[in-house]
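Below: one structure in structure tokens.
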Amino acid sequence: MDPKAEKPKKAAMKPPEQQTEVPATVGEPFVEQPRMVCRDVNVYYGDKHAIREVSLDIGRNEVIAMIGPSGCGKSTFLRCLNRMNDTIDICRVTGTILLDDLNIYDKHVDVVPLRAQVGIVFQKPNPFPKSIYDNIAYGPRIHGLVRNKAETDEVVETSLIKAGLWEEVKDRLDNPGTGLSGGQQQRLCIARTIAVGPEVILMDEPCSALDPIATSKIEDLIDELRQQYTIVIVTHSMQQASRVSQRTAYFHLGDLIEVGKTPQIFTNPRHQLTQDYITGRFG
Amino acid sequence: MARYLIRELDKIKKKILSLGTLVEERVRMTTAAVDNRDASIAQKIIDTDWEIDEMEVDVEEECLKILALHQPVAVDLRFLVAAIKINNDLERIGDQAVNIAQRVMIISKQPEMNFVFDYAPMAEKAEAMLQMSLDALVNVDVDLAFKVITMDDEVDEMKTKAYDRIKTAIKENPQRVGYLINLLLISRHLERLADHTTNIAEEVIYLIEGEIVRHNNY
């Protein structure tokens, strides 16, 4: 036997650039009377296939948590839900995403009101360099939701109350929003999102820059907001996902591996990859 | 940190198995004590029960520590919950062994009555169930765990037979009621002992399959 033949060629050792087969999602990705319906969603960043054939329903008045290791596509998927990916030139989204009956990727859809309907709160609190009052009032004004000072006052107050911030800031609404603590700033951003009357609130790691007390307040707030809104939260904290969500979706290398009720995912996940990730076996 | 947690869980598993081995030994001693009406073995079972109690407390403290420090989920959480419950069942099996030993202490001082009820098969079955339930835990064997559950019915039947035999014996020998009641209690304790081994088997099934099979008809 030729001794050279035993050595595998370099090219053969190279891993394939991309898995070809998309695994079927395990669990219950679909719900009755969903708020949002996503079918066969694919996202490409140039040549990179970042999200592969994801089909998932987002229920009404539920908190759904997206978990998975870094680079698994959970934030990318979240950003599809209000077309934030449109801002990235090389990003291409295929498939269907419906908000109620509206295809949000329809060419006639205006993304400005869409992003009011599907608001987003980011990882790092990002209040405008304006007063607390103006931070909240800005959205309703540009969307034409308020006609006069009295209406604006009311929206500012109710939004701050809903975000659990009113009592802490009611006497200093003219102070700059950036002067608040991190946790307060994040609640200000949530209040700003609420002010334009959304149906869905997307949260991209909303507590990762906050201390445990501020985190706890945001988590309590998420639970309260669920009564009125649908919330999709991306989090690296498995404990946070288990505390705040009713359903959990596990992403891995751009695939939606498993979706299920949160207690089931954290006590008895069906897929080995989910189990390995949540028990810290990898990731 | 996951590696640390896995090491800690391994430690718990080893401790549970050491406790299991100790309890198995006690059950074997119990079988011998019943078979031979041996007061010295019975006394040894009673005197050494503290070892089981101490180990049980130790395992429980370790489990609570891991829950507080690591907040395990999924299979790790199920393992820990199963460990806490199996730990408790093992300690209770130790207690049943002591209860039986106490009965043996009493009957061994009295003249033997022949042909009332042969406890050897019942005690051996309960002993086998304990061994199988622990093997199921070690080998992650659902089928073996289910086998233990079905064996529990056989032990229950034996207890019923013992009851009938002893009832007849009491009628025939009313002067030996005290002795016979102690015999009856042995069957009761053996049956409870087998119930705890069944609990262990059910916990093993929960650990592996993630489903609670208690109270089901299987």
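The values are calculated or read from the model by the stated rules, or taken from the named source; none is laboratory data. Given the structure is predicted, the values throughout are model-derived calculations rather than measurements. Note that we place each Cβ from the backbone using ideal geometry, even for glycine, and neighbour counts take in every protein chain shown.
Taking segment B:185-208, which residues are closer than 15 Å to residue B:147 by Cβ and within 14 Å of another protein chain (Cβ to nearest Cβ)?
Result: B:205, B:208.
Search segment A:241-256 for residues being within 14 Å of chain B (Cβ to nearest Cβ) and crowded, with 23+ Cβ neighbours inside 10 Å, and hand back the single one that is nearest to residue A:26 (Cα to Cα).
Within segment A:241-256, the match that is nearest to residue A:26 (Cα to Cα) is A:250.
From the set of residues in segment B:104-127 that are in contact with a Leu (Cβ under 8 Å, 6 or more places away or on another chain) and within 19 Å of residue B:24 (Cα to Cα), which is surrounded by the fewest Cβ atoms within 10 Å (Cβ to Cβ)?
B:119
Looking at segment A:236-252 only, could you name the residues that are assigned to a loop (DSSP other than H, G, I, E, B) and at pLDDT below 95?
A:236, A:237
Within segment B:73-101, restricting attention to residues that are β-branched (Val, Ile, Thr) and within 14 Å of another protein chain (Cβ to nearest Cβ), which residue is nearest to the chain's Cα centre (by Cα)?
Once the filter is applied, the top-ranked residue is B:81.
Just name the residue that is surrounded by the most Cβ atoms within 10 Å (Cβ to Cβ) out of those in segment B:5-20 that are touching a residue at least 40 places away in the same chain (Cβ under 8 Å) and more than 14 Å from chain A (Cβ to nearest Cβ).
Ranking the candidates gives B:16 first.
Looking at residue A:237 and the list (1) out of contact with any His (no Cβ under 9 Å at 6 or more places or on another chain); (2) buried (at least 24 other Cβ atoms within 10 Å of the Cβ); (3) hydroxyl-bearing (Ser, Thr, Tyr), which single condition is not satisfied?
(2)
From the list A:274, A:230, A:279, which one is at pLDDT 95 or above and within 11 Å of chain B (Cβ to nearest Cβ)? First the steps, then the outcome.
On the way: A:230 fails: within 11 Å of chain B (Cβ to nearest Cβ); A:279 fails: at pLDDT 95 or above.
Unique residue meeting the criteria: A:274.
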